[in-house]
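Please read the structure below before turning to the comments.
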């Protein structure tokens with residue numbers, strides 16, 4: 001059995017579901033393999049664009065960077081959810097080896113923690 005990276009599998013499945021375009025901010029950690037990319041000036045606008053795409057095509061996808069990127073898209077994704085518009089929010093994280101390296105990475109607080117936005121999402125889901 002050959003290996004397939006999770007990103008490859010994800011974007012292959014999105015293609016199978018009829019998504020031809022992925023929205024996001026240039027420079028994010030996930031490359032939408034084999035799909036058209038539309039860059040947005042910020043994550044919130046990207047979320048609204050993915051929402052509009054989903055309303056026209058049945059399903060939309062947004063790619064953001066972890067922590068500040070995913071939190072910046074929160075209002076747009078929340079609006080899609082409130083109106084039952086199917087938008088998949090894909091969050092790009094540094095690789096596991098990069099996280100374990102202890103190096104200060106872009107979009108971090110420099111403390112080696114990568115869960116700040118995860119705890120925010122958990123809080124929002126629980127309340």
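Computed values, structure above
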| read-out | value |
| --- | --- |
| Count - residues of region 48-67 that are in contact with a helix residue (DSSP H, G or I) (Cβ under 8 Å, 6 or more places away or on another chain) and in a helix (DSSP H, G or I) | 4 |
| Number of the condition not met by residue 123 [criteria: (1) in contact with a strand residue (DSSP E or B) (Cβ under 9 Å, 6 or more places away or on another chain); (2) at pLDDT below 70] | (1) |
| Subset of region 38-69 (residues that are at positive phi, at pLDDT 95 or above and under 11 Å from the mean Cα position of the chain (by Cα)) | none |
| Any pair with Cβ under 7 angstrom, 6 or more apart, that starts in region 5-17 at a residue that is at negative phi and in a helix (DSSP H, G or I) and ends at one that is surrounded by 14 or more Cβ atoms within 10 Å (Cβ to Cβ) and at pLDDT 90 or above | 14/61 |
| Selection count, region 56-71, where residues are surrounded by 15 or more Cβ atoms within 10 Å (Cβ to Cβ) and within 17 Å of residue 15 (Cα to Cα) | 5 |
| Some residue of region 72-89 being crowded, with 19+ Cβ neighbours inside 10 Å, at pLDDT 80 or above and out of contact with any helix residue (DSSP H, G or I) (no Cβ under 9 Å at 6 or more places or on another chain) | no |
| Candidate set from region 22-37 (those that are outside any loop (DSSP other than H, G, I, E, B) and out of contact with any helix residue (DSSP H, G or I) (no Cβ under 6 Å at 6 or more places or on another chain)); member that is modelled with the highest pLDDT | 22 |
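Matching residues to (1) within 14 Å of residue 44 (Cα to Cα); (2) touching a strand residue (DSSP E or B) at 6+ places or on another chain (Cβ under 7 Å):
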site: 61; (1), (2): yes, yes
site: 70; (1), (2): yes, yes
site: 76; (1), (2): yes, no
site: 80; (1), (2): yes, yes
site: 85; (1), (2): no, no
site: 90; (1), (2): yes, yes
site: 100; (1), (2): no, no
site: 103; (1), (2): no, no
site: 110; (1), (2): no, no
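Matching residues to (1) in a loop (DSSP other than H, G, I, E, B); (2) within 14 Å of residue 22 (Cα to Cα):
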{"position": "46", "(1), (2)": "no, yes"}
{"position": "77", "(1), (2)": "no, no"}
{"position": "81", "(1), (2)": "no, no"}
{"position": "84", "(1), (2)": "yes, no"}
{"position": "90", "(1), (2)": "no, yes"}
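The values are calculated or read from the model by the stated rules, or taken from the named source; none is laboratory data. This structure is a prediction, so every number in the text was calculated from the model and none was measured. Heads up, the Cβs are rebuilt from the backbone with ideal geometry, glycines too, and the neighbour counts pull from every protein chain shown.
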